[in-house]
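The values are calculated or read from the model by the stated rules, or taken from the named source; none is laboratory data. Quantities reported herein were computed from a predicted structural model and do not represent experimental measurements. With ideal geometry, Cβ positions are generated from the backbone for all residues, glycine too; neighbour counts draw on all protein chains shown. Surface areas here come from the heavy atoms of the whole protein model, side chains and all, with no ligands, DNA or RNA. Shrake-Rupley method; radii C 1.70, N 1.55, O 1.52, S 1.80 Å.
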Amino acid sequence: MKEIVLSFGTNIGAKEQNILKAYKLLEQRLGERISTSSFFETKAWGFVSKEMFVNSCAVFLTDKSPLECLAIIGETEKELGRQRSFTAGYEDRIIDIDILFYEDEIIDTLNLKIPHPLLHLRNFVLEPLKQIASDRFHPVIKKKIKDIFV
């Protein structure tokens, strides 16, 4: 089994319930959830929104490959009501799930980049991540999560 670390964000509807539903679906599809952060309320990042976000991180154990995980996450977002627009930039969303880490692998393809290339620049990811994986080593920037500050 492999550890996959995910981030969750939502700013539409019953925000905490959106994330809890995502956890439940991913437990069925990816594997056991072994660690979960608290919920954090944050302002939108990269765009202006009237709605605050709720963010969280979780660690799952999976026997799926990184690409299988990406497909499962996309299906889960869609099932929960995520509608992606193909315009440039960020927007309000019912759920957003990103892969932060898959074990200690570094993957850099057109469709998948692990570790997530922006995680070290986003407090809305770092704060919940520090709760559950503060000693995890970021294999690209060569720092422990607890030592990364924005």
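Based on what the data block shows, is Ile73 among the β-branched types (Val, Ile, Thr), within 24 Å of Lys142 (Cβ to Cβ), touching a residue at least 60 places away in the same chain (Cβ under 8 Å) and surrounded by 14 or more Cβ atoms within 10 Å (Cβ to Cβ)?
No.
Under 16 Å from Arg93 (Cβ atoms) and either open to solvent by less than 10 Å² (accessible area, probe 1.4 Å) or among the small types (Gly, Ala, Ser) (or both): does that describe Gly13?
Yes.
Look through the range 118-137, keep the residues that are free of Cβ contacts under 8 Å to residues at least 24 places away in the same chain and not in a helix (DSSP H, G or I), and return whichever of them is farthest from Phe40 (Cα to Cα).
In this case the residue turns out to be Asp135.
With out of contact with any helix residue (DSSP H, G or I) (no Cβ under 6 Å at 6 or more places or on another chain) and either at pLDDT 95 or above or assigned to a helix (DSSP H, G or I) (or both) as the only criterion, which of Leu25, Leu6 stands out?
Leu6
What are the residues in the range 28-39 that are part of a loop (DSSP other than H, G, I, E, B) and surrounded by fewer than 18 Cβ atoms within 10 Å (Cβ to Cβ), if any?
Glu32, Ser38, Phe39 - these are the residues of the range 28-39 that are part of a loop (DSSP other than H, G, I, E, B) and surrounded by fewer than 18 Cβ atoms within 10 Å (Cβ to Cβ).
State all residues of the range 106-150 that are of a type in the set (D, E, K, R) and farther than 21 Å from Tyr90 by Cα; if no residue qualifies, say none.
Asp108, Lys130, Asp135, Arg136, Lys142, Lys143, Lys144, Lys146, Asp147
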